[in-house]
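Enquirer: Before we start, here is the structure in question, set down as structure tokens.
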Amino acid sequence: MHAYANPTRFLAIAKPLTPWLLGVGLLLVFAGAWAGLALVPGEAKQGETARILYIHVPSAWLGMGGWTSLAIAGLVQLVWRHPLAGIAARAIAAPGMLFTALCLATGSIWGKPTWGTWWEWDGRMTSMLVLLFLYAGFIALTSGDDGQRQGGSLSRGAAIYALVGAINIPIIKFSVEWWNTLHQGESVFRMGGPTLDRAFLVPLLTMAVGFTLLFVTLHLAAMRNEILRRRVRALQMQQASQPRA
């Protein structure tokens, strides 16, 4: 793990990898969207409104996966003091919050014609809203010490916050099983296999992979920018500390 802890080595890998991830991600998103909009028929019960789930479901997965990765980065920061863990955690927060917000927005758009309401305080929707607030809290918490901690590491409080916030992830996952809810149950990752027809499942998974690659692209780009920004700041501080002739 520490073999990639050197920022220079990380930049050497991330710089050429980022445009490839972006290109393949966009290609998969366009392919999944085209299949979901043009090839797959409307769902038998929900009609054309079900097409928004090709965006809603991958966004939900990435919102949850983003915080899981953020918590892992916080754990690595606390236990192993990995030099890039804090920078990685900060870089995850913004895209994670973006996809969580997209999940909530598309869910509300889907819920209006399906349930007759834009919002319902059921377990899945409420816990997802809590996740959005957790992202916002993490961003606010880490912005206060931005640039103050050596190497971009997280404060102990921010790392613990990331770990404690991970408790919400299984709540989101199992909320449809634990409580009586309007939200439909699991249809992809469930015991016994997916309940979706292959015609619907393939475009959904294509969109999910494409969105994931875009998420990783945003994450790597944010990490690169943060490393370079800190290098510029270090040079400026070094020049300012040198005595003038």
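Enquirer: Could you sort 8-20, 154-166 so that the peptide with the highest average Cβ count within 10 Å comes first and the rest follow in order?
Expert: Highest-to-lowest ranking by the protection proxy: 154-166, 8-20.
Enquirer: Next question. May I ask you to rank S69, S127 by accessible area, largest first, using a 1.4 Å probe over the protein chains only?
Expert: Putting S69, S127 in descending order of accessible area: S69, S127.
Enquirer: May I pose another question? With r as the distance between the Cβ atoms of A31 and K173 and R0 = 35 Å, compute the FRET efficiency 1/(1 + (r/R0)^6) and round to 0.05.
Expert: Efficiency, from the Cβ-Cβ distance: 0.80.
Enquirer: By per-residue mean of other Cβ atoms within 10 Å, what is the highest-first order of 89-96, 34-41, 71-78?
Expert: So the peptides 89-96, 34-41, 71-78, ranked by packing, come out 89-96, 71-78, 34-41.
Enquirer: Given the protein chains as shown and a 1.4 Å probe, how many square angstrom of L235 are accessible, to the nearest 10?
Expert: 100
The values are calculated or read from the model by the stated rules, or taken from the named source; none is laboratory data. Keep in mind that what you see is a predicted model, and the values were worked out from it rather than measured. As a convention, Cβ positions derive from the backbone with ideal geometry for all residues, glycine included, and neighbour counts pool all protein chains shown. Accessible surface areas use protein heavy atoms only, side chains included; no ligands, DNA or RNA. Shrake-Rupley method; radii C 1.70, N 1.55, O 1.52, S 1.80 Å.
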